[in-house]
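What follows is one structure encoded as structure tokens, with my remarks underneath.
The values are calculated or read from the model by the stated rules, or taken from the named source; none is laboratory data. Nothing here was measured: the structure is a model prediction, and the numbers come from that model. All Cβ positions, glycine included, derive from the backbone under ideal geometry; neighbour counts span all protein chains shown. The area values use the complete protein model at the heavy-atom level, side chains included, leaving out ligands, DNA and RNA. Shrake-Rupley method; radii C 1.70, N 1.55, O 1.52, S 1.80 Å.
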Amino acid sequence: MVVGKMKLTSQKRVKLVQGLGLLSWLATLGGAITFTLGCFLKTELRRRGEVMDNTDIHCVPNTLMIVGLASMGINYFAGRICQDALDAGRFPRWKTFLKPFYGCSIFFTTLMLIAVILSYIMKGSLESSLKIGLKNGIRFYKDTDTPGRCFQKQTIERLQMEFQCCGNNDYKDWFEVQWISNRYLDFSSKEVKDRIKSNVDARYLVDGVPFSCCNPRSPRPCIQYKITNNTAHYNYDHQTEELNIFIGGCREALVNYYMGLMNTIGGVVLSVFLIQSSVLASLRLLQTSMEAVAGQENLEIETEGYLLEKGVKETFMEYLDPVLKLMLLNQVTSPEATGTINADS
Amino acid sequence: AVLPVKFTKAKRDKLAQLLWVLNWVSVVTGIILFSLGVFLKVEINKRQDLMAERQLQSVPNMLIAVGLIACGINFLGGKICYDCVDTSKFLRWKLVMLPYIICTFFFTLSILVGGLMCYSLHGQLEESLTLGLHDAMRYYKDTDTPGRCFLKRTVDLMQIQFQCCGNEGHRDWFQIQWISNRYLDMSRPKGVDRLRSNVEGKYLMDGVPFSCCNVNSPRPCIQYQITNDSAHFNYDYQTEELNLWIRGCRQALLDYYTDILHSVGLTVLIIWLFELSVLMGVRYLQTALENVWRRGDPECESEGWLLETSFVATARTNFNIIKNLGKFNQINTASNGDPNIDRPSTAHYGPDKVPPKSIPIAS
């Protein structure tokens, strides 16, 4: 059962070669773009690496970079094969190269598709990583004198200003942690003593947020302390005031940002995937039709090209056997197993 | 001749091909000039609210115009050089080439002027920024006045982005009222006291907006009662450096724009040198081909030069041409308006062939 049979005249073959040359060049460019996008995504993830708990999400840009490089190599060779295709003298030297070439190409092309799917699957992992990272960031905000944590304050401030967000889930997260260091608290004052006594962990909790939560678009100067106390400020209502500080949480802002980035990248990679698949299919058609011409006196005859000689499952098993053989070679072979392998090959 | 160079036929062809490629590269540099002009224009427009009205738009506009014209001129130059390889096609362009070279020479001068103008903007920029920032800070509180309602946001975002505070420093905020009256409780005694404390009835305080806060400070930001050491625990106004941004915004913006202008100016000067060298190549090609055409033999070796006579002599000739250009419709009074006065007359004047006496000149 032949898959994808097509009759190709000599003119059609020539047109196919020209089209394939152009396509393979485009696909090489696409591979380079995929690699660049992978690098860009990795850089963006590393920039905010301090508020992420783990680096699981980095598998997406890593896969993209590998696939980009492989794609450039595959399409370069596809272009070379295509150049030699019409020359009956130079084409046969590619014969032994072709089977592993197709195997590798199909593997990396499916890997491209997997990378795009991964970027959607990893959303949950990214979210939980950010949740833990931001929680720690807010907790260690005040520890500017502890080595290893002294830059948390800076990181969180810049993050909140850039992404226009406040806290982890929302701005109320700041009410639950002590974000003012003890070094700057006057323990002799009554107010400080009252606040510390008011909770179990002896923390100085305020209904205030750091200045980086302030919204520049607010028409009034920023109210960052005594936020919930309407009487502390003139003409102020905590429930209806929207523009004073950023309301949204940083976790959601960051997840949206990264998912937007990965969606765009996924779109571009999908189109590169389509171009590369068409390159491989055209190359296969060209190769099979040229093989039918080989050995004939009249090179202008019409030949038949096909995608797969046998059915899909049989071809798949054909490719899988050498791989399995390689793996089984490592094991101690029993006489029955050796006999089975010899019978199959 | 100034800087003569001998050209064989092969050398001439190579020169023509090289110039063709270089002219296309010049088209690309023309596009670069254009985009530099657009970039500069966008950067200046982005912060228009903070700059007072000055002639700052002249430089980017000039760069944009020069870039577009450069593309056109070099495209034409490429076409000319491509045709110069073939001596028959050269005849088509023969008359055009010298005017083209002269035009391109003056055009490269305008590129140079554009590049030098980038360096001259410094003074105007400083003045514009001083006035603009002063006004922006004054209208900071007027978020309910149409036309000024976005100044607060602009100033806050600028102070955050450029890590600066006030015009010269954070003390500028102590001298203006930056909290709108809508948010001041006039019934409280403290408010009334502050208003009474100055002539203009402004609510002045030793506080700054939140955008002046330094992100790198180890302690939460102190933005109100800055000069009052006792208002905050473990705080000394004189020695505290990291609390607010130290730099003034005028200096920060000036540095930023000076950097951009210097890079743009340097790029324009490099492009100018490149265009000048391409022009010199085209001049050599033109003179070499002219000499070939004069001698009549397309395969011979010819000489190319920059100027036929010395620089001074060429300048004098051109000056005379320009002087005489203005006189083409004037009558030449040297020989009483008669250009044929010295020619022997061949007319028959009657039987005795005596030429008439010349008419005495009325003095």
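Some values worked out for this structure:
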| read-out | value |
| --- | --- |
| Semi-axes of the equivalent ellipsoid for the stretch A:92-133, Cα gyration tensor, largest first, Å | 40, 8, 5 |
| Radius of gyration, Dmax [chain B; alpha carbons; angstrom] | 35.5, 131 |
| Residue pairs, from the table A:K142/B:K41; A:K153/A:K197; A:K12/B:K14, whose Cα atoms sit over 32 Å apart | A:K142/B:K41; A:K12/B:K14 |
| Model label zone, B:T227; criterion: amide N under 12 Å from point 7 Å along Cα-to-beta-carbon; scope the stretch B:149-173 | B:171-173 |
| Nonlocal amide H pairs with B:E303, under 5 Å, H built at 1.01 Å | B:F7 |
| GNM result for chain B, Cα springs below 10 Å: residue of B:P218, B:P298, B:P60 fluctuating most strongly | B:P218 |
| Gain on full stretching of the segment that runs from A:F187 to A:L243 - 0.36 nm per residue minus C-alpha separation | 16.8 nm |
| Entries in A:K7/A:K99; B:K9/B:K89; A:K5/A:K310; A:K193/A:K226 that, when Cα-Cα distance is taken, lie over 20 Å | A:K7/A:K99 |
| Sites A:Y225 and A:A32, calculated FRET efficiency, Cβ-Cβ separation with R0 35 Å, nearest 0.05 | 0.10 |
| B:S277/B:R316 FRET efficiency (R0 30 Å; Cβ-Cβ; nearest 0.05) | 0.65 |
| Free-standing Cys, chain A [no other Cys Cβ under 4.7 Å] | A:C39, A:C59, A:C82, A:C104, A:C150 |
| Rg/Rh for chain A, where both radii come from Cα atoms and Rh is the Kirkwood radius | 1.23 |
| Cβ-defined net charge surrounding B:L254, 14 Å radius [Lys, Arg +1; Asp, Glu -1] | -2 |
| Neighbour net charge for A:A78 - beta-carbon separation under 12 angstrom, K R +1, D E -1 | +1 |
| Aspartates and glutamates with Cα under 18 Å of B:K6, excluding same-chain neighbours fewer than 8 positions away | B:E290, B:D297, B:E299, B:E301, B:E303, B:E308 |
| Residues in the stretch A:204-224 occluded by at least 50 Å² - accessible area, probe radius 1.4 Å, against chain by itself | A:F211, A:P216, A:R217, A:P219, A:R220, A:P221 |
| 222 nm mean residue ellipticity, helices alone, for the protein assembly as shown (DSSP H n ≥ 4; -39,500 (n - 2.57); rounded to 500) | -20000 deg cm²/dmol |
| For the stretch B:28-90 versus the stretch A:11-30, the gap between their alpha-carbon centres in whole angstrom | 37 Å |
| Of all accessible heavy-atom area on the stretch B:1-41, the percent that carbon and sulfur account for (1.4 Å) | 81 percent |
| The protein assembly as shown, accessible area per residue, ligands and nucleic acids excluded (1.4 Å, Å²) | 55 Å² |
| Protein heavy-atom accessible area occluded, B/A pair - total, 1.4 Å probe, Å² | 2500 Å² |
| Computed over chain A: relative contact order in percent, which uses C-alpha pairs under 8 Å that are six or more apart | 26 percent |
| Shape metrics for the stretch A:285-324, restricted to C-alpha atoms - Rg then Dmax, Å | 13.7, 42 |
| Compactness of the stretch B:205-321 as Cα Rg over 2.2 N^0.38 Å, two decimals | 2.48 |
| Estimated distance in nm for a label pair at A:N298 and B:Q175, the labels positioned 7 Å out from Cα along Cα-to-Cβ | 9.8 nm |
| Net charge of neighbours whose Cβ lies under 15 Å from the Cβ of A:Y184, counting Lys and Arg as +1 and Asp and Glu as -1 | -1 |
| Semi-axes of the equivalent ellipsoid for the protein assembly as shown, Cα gyration tensor, largest first, Å | 67, 57, 18 |
| Burial of 20 Å² or greater, the stretch B:215-238 residues [accessible area, probe 1.4 Å, versus chain by itself] | B:V215, B:N216, B:P218, B:R219, B:P220, B:C221, B:Q223, B:Y224, B:F233, B:N234 |
| Normalised per residue, the volume of the convex hull around the Cα set of the stretch B:4-159 (Å³) | 138 Å³ |
| Set of lysines with alpha-carbon distance to A:K42 below 17 Å, sequence-local pairs under 8 removed | A:K123 |
| More than 21 angstrom apart: percent of Cα pairs within the stretch B:1-66 | 52 percent |
| Listed residue (A:L283, A:Q239, A:T264) projecting farthest to the positive dipole end of the stretch A:218-287, Cβ model | A:L283 |
| Heavy-atom accessible area, 1.4 Å probe, ligands and nucleic acids excluded: residues of the stretch A:177-192 down by at least 50 Å² from chain alone | A:Y184 |
